[in-house]
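A short reminder: the numbers here are calculations on the coordinates, not readings from a lab. As the structure is a computational prediction, the values presented were derived from the model and not from experiment. Cβ sites come from the backbone with ideal geometry, for glycine too, and all protein chains shown count toward neighbours.
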Amino acid sequence: MSRLVDLGWTDFWRDALDTLEVEGEPARVVRHDGIKVLVSDGESVQHVSFPRSMQLAVGDWVVVSNETVQGLLPRRTVLERDHEIRGPQFIATNVDLVLVVFGSDRPLRQSKVMRFVAFAWDIGATPIVVISKMDLTDGGAGMVAQVVEWLPDVTVLTTSVDSGEGIDELFSVLEGRTGTFIGESGAGKSSLVNALMQDEVAWVGEVRETDSKGRHVTSHRELHLLPGGGMIIDNPGVRSLGLAADGEGVEALFADIEALASLCRFRDCAHDAEPGCAIRAAVDDRSIPFSRYKSYLRFVGEQGAAQTRAHDKRIAAHFRTEAAAAREAREARDGDPLTSSD
């Protein structure tokens, strides 16, 4: 198994493999374009087939035999987004670090920065904010100060592919771990992948001068082994990510405010106009900025909406299951209407 170590194989995966009752050799999914799946055993890469009922993602550990996926090891972390029509879509799995990339050539939006970071915390990964294209601005220090104010417990790195700024720091944080870049199109994610790989492995597109936005150049997801160790998963641009219904991202973002919530007079305090609200008192004495308080209310509202949607989906699934069971019972009792006779 030593050849798998470079791909992130650890005792955790070995123990998981021992509990999986399938025959074959372990491998990691290193590329997925929606139809074709490539896996690696640490030495070679092969195209494999897989059951259509098995939804695979880059970063998955699988068991392969005869160029076919026979089993899927449990996932430690899952990055996914909810599609209105197709449902949950996997972005990547078994990720240790989520590198949230924003270009310095466009204004930082607090809500978007915090939402991407909350998304990383929700899945159990460590977020790192990366401000790219530092050679295009003189206000980089101010942007870093903004992020540190919004997210005091999150590491912030500044990078420039042209000057080489921050690339060694990225190598350092990724050593021995699996990371993925997420962020808007045109933020420079593919350029950073190429800089880390020291090769043109990811397509780089043009960025519009009007709004500094780019085209979705990366159309597939791929895991790259970095020179010297570590892995990075290249992703298509992500414009928005929802908060998890039961995740810990909001709690981690607003740990200071959450701590005050336990001091409110009423257990069901909405932190608005209720008497004895510890959070409102902190806002009034300016120990909590009003803008941070408003962000907290907005994020809590979004998480509540996510909980409602998740509940409605569970109820709908329950009724579909009951209806299917009733239909099967009726057919078993009455016989097949196409073959039964009067």
For 289-299, 259-269, 23-33, 173-183, ranked highest to lowest by mean beta-carbon neighbours within 10 Å, the order is 173-183, 23-33, 289-299, 259-269
Mind running the shape call on the range 116-183? Use the C-alpha gyration tensor, a ≥ b ≥ c as the square roots of the eigenvalues: rounded below 1.5 for a/c, prolate if a/b tops b/c, oblate otherwise. oblate
What FRET efficiency, computed as 1/(1 + (r/R0)^6) with R0 = 35 Å and r the Cβ-Cβ distance, is obtained for HIS220 and ASP272, rounded to the nearest 0.05? 0.15
With a ≥ b ≥ c the root eigenvalues of the C-alpha gyration tensor of the range 2-72, is it rounded (a/c under 1.5), prolate (a/b larger than b/c) or oblate? oblate
Can you tell me how much longer the chain between GLU175 and SER291 gets when fully stretched, taken as 0.36 nm per residue apart minus their C-alpha distance, in nm with one decimal? 38.1 nm
Based on the Cβ-Cβ distance from VAL22 to ASP334, what FRET efficiency comes out when R0 is 35 Å, to the nearest 0.05? 0.30
Please compute the length gained on full extension between PHE12 and ASP153, using 0.36 nm multiplied by the number of residues separating them and subtracting their Cα-Cα distance. 48.0 nm
